[in-house]
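Remarks on the structure that follows.
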Amino acid sequence: MNQTTPQYLMDSADPDERARLKAIEDAYDPGTLRHLNALGVSEGSRVLVAGVGAGSFLPWLSEAVGATGSVLATDIDTRHAAPVADRYANVEVRCHDFLAEDFPQGQFELVHGRLILIHFPQRDEIIARLAAALKPGGMLLVEDYDWGSCGPAFPSADAAASEELSAKLAPYYREHGFDSYVGRKLPGLLRGAGLVDVDAEGRVLTLRGKNSTLAQIYAKSHEQLVARTDAQGLISAVESAAFLRRMADPEFDMTGQTMMAAWGQRPGVEAAA
């Protein structure tokens, strides 16, 4: 990445990052696996996973593609996924920066990326790289957040504090290339990359404090954010502590962001002619 590229907000070296990734997996893997299955991952398929994170669904993919198929999983930091992939002969994990490097071209029946677009303004370039990795007739599945559905369930002092905190942090997120509404733009991004038969679906989870997966995601992400030097001073220690208390409060209810899934097909020889 060059010096003008916004910095990724999360830190893969953070001691608690594995737990944060696991919370994301617990929350969203069921929907991801349903879409992968519907899009036809099967014996002999070659699959690319971009931004594999901790690799939670690599075992499922390994079994689905079988001995005659293969899975290439990439990330800029592979420390969390590599131990999973090492158990499967048909899975390879590779260090890769999708902001600067192309993927292998025209090789995959299915390409998947989850939460790899929301952080970076180069979304058209990323989607173009993903689409170029497809074989003719191959399918691209991308999943990302849209924050339009996010908010407390009931008016209260805690709800008002949550909304005020979000407003304070929003400019910081934007400065780092974060697009809170990228989820609703996914179908247009896929069509812009030349894919056809594009469709999409959104999934909204509810947050209940204490043990809910969304509360864990939010709390761990917040702790990483407030530890960053360039984020210090945006919110007070009192506000930060109050946020973490809300995430631990079983009586605090809110709807989370929408996880949008969009998919499209690279035109085959006949369709492209």
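The values are calculated or read from the model by the stated rules, or taken from the named source; none is laboratory data. What you are looking at is a predicted structure, and each value in this text was computed from that prediction instead of being measured. Ideal geometry is used to build each Cβ from the backbone, glycine not excepted, and the neighbour counts take in all protein chains shown.
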TODO: Can you tell me which residue within region 235-251, out of those that are outside any helix (DSSP H, G or I) and more than 25 Å from the chain's Cα centre (by Cα), is modelled with the highest pLDDT?
DONE: Asp249
Open item on the list: So in region 195-235, with the set limited to residues that are surrounded by 14 or more Cβ atoms within 10 Å (Cβ to Cβ) and among the basic types (Lys, Arg), which one is nearest to Gly268 (Cα to Cα)?
Closed with: Arg203
- [ ] Please give the helices (runs of 4 or more DSSP H) falling wholly within region 113-215 in which 3 or more residues are under 18 Å from the mean Cα position of the chain (by Cα) and in contact (Cβ under 8 Å) with a residue 60 or more places away in the chain.
- [x] 123-132, 186-192
Open item on the list: What's the total number of residues in region 172-207 that are at pLDDT 85 or above and more than 22 Å from Met254 (Cβ to Cβ)?
Closed with: 16
Open item on the list: Anything in region 47-74 that is buried (at least 19 other Cβ atoms within 10 Å of the Cβ), without any contact (Cβ under 8 Å) to a residue 40 or more places away in the chain and either of a type in the set (Val, Ile, Thr) or in a strand (DSSP E or B) (or both)? List them, or say none.
Closed with: Val65, Ser70, Val71, Leu72, Ala73, Thr74
- [ ] With the checklist (1) out of contact with any His (no Cβ under 8 Å at 6 or more places or on another chain); (2) touching a residue at least 24 places away in the same chain (Cβ under 8 Å); (3) assigned to a helix (DSSP H, G or I) in hand, flag the one item Thr255 doesn't pass.
- [x] (3)
- [ ] Considering every residue within region 151-167, establish whether at least one is touching a strand residue (DSSP E or B) at 6+ places or on another chain (Cβ under 6 Å), under 21 Å from Thr32 (Cα atoms), buried (at least 18 other Cβ atoms within 10 Å of the Cβ) and not polar (S, T, N, Q).
- [x] no
Open item on the list: For region 91-127, give me each residue that is closer than 23 Å to Ser56 by Cα, surrounded by fewer than 18 Cβ atoms within 10 Å (Cβ to Cβ) and charged (D, E, K, R).
Closed with: Glu92, Arg94, Asp97
Open item on the list: With the structure loaded, tell me whether Val41 is β-branched (Val, Ile, Thr), within 19 Å of Arg266 (Cα to Cα), touching a helix residue (DSSP H, G or I) at 6+ places or on another chain (Cβ under 6 Å) and not in a strand (DSSP E or B) or whether it fails that test.
Closed with: yes
- [ ] Go over the candidates Tyr145, Tyr88 one by one and state the one that is among the hydroxyl-bearing types (Ser, Thr, Tyr), within 21 Å of Arg20 (Cα to Cα) and surrounded by 14 or more Cβ atoms within 10 Å (Cβ to Cβ).
- [x] Tyr145
Task: Residue selected from region 1-47 under the condition within 22 Å of His176 (Cβ to Cβ) and among the acidic types (Asp, Glu), by the criterion modelled with the lowest pLDDT - done: Asp11
